[in-house]
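The values are calculated or read from the model by the stated rules, or taken from the named source; none is laboratory data. Given the structure is predicted, the values throughout are model-derived calculations rather than measurements. With ideal geometry, Cβ positions are generated from the backbone for all residues, glycine too; neighbour counts draw on all protein chains shown. We work out accessible area using only protein heavy atoms, side chains counted, and drop any ligands, DNA or RNA first. Shrake-Rupley method; radii C 1.70, N 1.55, O 1.52, S 1.80 Å.
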Amino acid sequence: MTTRLLLKSCFFLFLFLSQIAVAQDSIPVSQDIADKNILEFQENFFQAITHKAINNFQKAIDNLETCNELKPNDVAVLFELSKNYFKLKRLVEAITYAEEALKIEPENVWLLEHLVKVHKSNNDFRNAIATQKKLIQKIPKKKQDLVFLYIQGSQIDSAKIVLNELKSAKLLNPRLRYIQNNLNRYSRPRNTQKTVKNTVANNENLESQFKKNKSYVNLKQLLEQLDSKNDSKLLTYSNEGLVLFPAQPFVYLMNAKAFNKSKNYKKAILSLQSGIDFVIDNPTMESRFYNEFVISYQGLGDRKNESKYRKKLNK
């Protein structure tokens, strides 16, 4: 076998192995790189995948930058660079590399999904929504996720429109149906999304304070107090909170707690499933959700799911 054929065989073997090692949402590297650079490219790409797997994201980036020099504008390399920068919370670089990759493959669904995630992490819901709409053109079912983006971006009317469209198309899953019912329960008062800084004196009643000023700060304090006292009003006020602040995961958590306390475990799970979509880069809040999931599934005697969330909780 000639040296040229041997190099090609090694490279194709590398491609096969790297596709196994890379996560499902990854893109295989292209195969038109010059033979003289094959070994160096494949070694650096494989090292990058290995470093990312053990959370050495900066080392992975260093290897990928070498790959980018050897073969500029390779979609797989640009995508991996974006993912590693995202892991380091360097969102500007993550967006830049993802957008460069999308210029080459504008309909790549993995890239579009990744970019939505980056924009969400950056609290840039305008661009997250615009990117999600492009994704919907390729995968219509992804329209369900648009509801959460609209709610997080405080575009409640747009969320309601999409919910109605999904209902007409019979694409409302239980979580979205739960959210739609909550949004339709009351008329939304004006300025309810505005956060008001407020310090409640010890001798003031939190319930009356919330009735006077239905800000999220007041609601959060009230729900915390009701939870600590095991007060049955926790369900009433958390239900109202879901209408006033449908993008606040804490309200869903308190709503699930209220259901768990009354042993209504199925409704607790539904509230948790709906609310966890609004948890962004908050490990503490995620853990609190997982703990309530454990309580819910334990109450239902569902050992499989109880074990699943215990594992998530203990990571």
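It is to be established whether one or more residues within segment 296-315 are in contact with a helix residue (DSSP H, G or I) (Cβ under 7 Å, 6 or more places away or on another chain), closer than 29 Å to Ser158 by Cα and either open to solvent by 30 Å² or more (accessible area, probe 1.4 Å) or without any contact (Cβ under 8 Å) to a residue 60 or more places away in the chain (or both). Steps first, answer last, please.
To start, the set of residues in segment 296-315 that are in contact with a helix residue (DSSP H, G or I) (Cβ under 7 Å, 6 or more places away or on another chain) comprises 296-300, 305-306, 309-310, 312-313.
Of the ones still in play, those that are also closer than 29 Å to Ser158 by Cα are none.
The answer is no, given that none of the residues of segment 296-315 is in contact with a helix residue (DSSP H, G or I) (Cβ under 7 Å, 6 or more places away or on another chain), closer than 29 Å to Ser158 by Cα and either open to solvent by 30 Å² or more (accessible area, probe 1.4 Å) or without any contact (Cβ under 8 Å) to a residue 60 or more places away in the chain (or both).
I'd like the residue in segment 148-206 that is at pLDDT 85 or above and small (Gly, Ala, Ser) and, out of all such residues, is most open to solvent (accessible area, probe 1.4 Å).
Checking each candidate, the answer is Ser168.
Cβ-Cβ distance below 6 Å, separation of 6 or more or different chains: which pairs start in segment 230-243 with a residue that is closer than 18 Å to Ser274 by Cα and end on one that is modelled with pLDDT under 95 and not in a helix (DSSP H, G or I)?
Listed by first residue and then by second, the contacts come to Val243/Tyr186.
I'd like to verify a number: residues in segment 234-250 that are within 18 Å of Leu149 (Cβ to Cβ) and either open to solvent by less than 10 Å² (accessible area, probe 1.4 Å) or among the basic types (Lys, Arg) (or both), how many? Can you show your working first?
Restricting attention to segment 234-250, the residues satisfying the condition of being within 18 Å of Leu149 (Cβ to Cβ) are 242, 245-249.
Add one more test, that the residue is either open to solvent by less than 10 Å² (accessible area, probe 1.4 Å) or among the basic types (Lys, Arg) (or both), and what stays is 242, 245-246.
Residues meeting the conditions: 3.
Within segment 41-83, count every residue that is closer than 18 Å to Lys120 by Cβ and either touching a helix residue (DSSP H, G or I) at 6+ places or on another chain (Cβ under 6 Å) or not in a helix (DSSP H, G or I) (or both). Give the derivation first.
Initial filter on segment 41-83 (closer than 18 Å to Lys120 by Cβ): 79, 82-83.
Pick out the ones that are also either touching a helix residue (DSSP H, G or I) at 6+ places or on another chain (Cβ under 6 Å) or not in a helix (DSSP H, G or I) (or both) and you get 79, 82.
Final tally of qualifying residues: 2.
Testing Leu172 on (1) in a loop (DSSP other than H, G, I, E, B); (2) under 27 Å from Ser215 (Cβ atoms), one condition comes back false. Which one is that?
Answer for Leu172: the failing condition is (2).
Val251 versus (1) farther than 20 Å from Lys211 by Cα; (2) touching a Leu at 6+ places or on another chain (Cβ under 6 Å); (3) β-branched (Val, Ile, Thr): which is the lone unmet condition?
(1)
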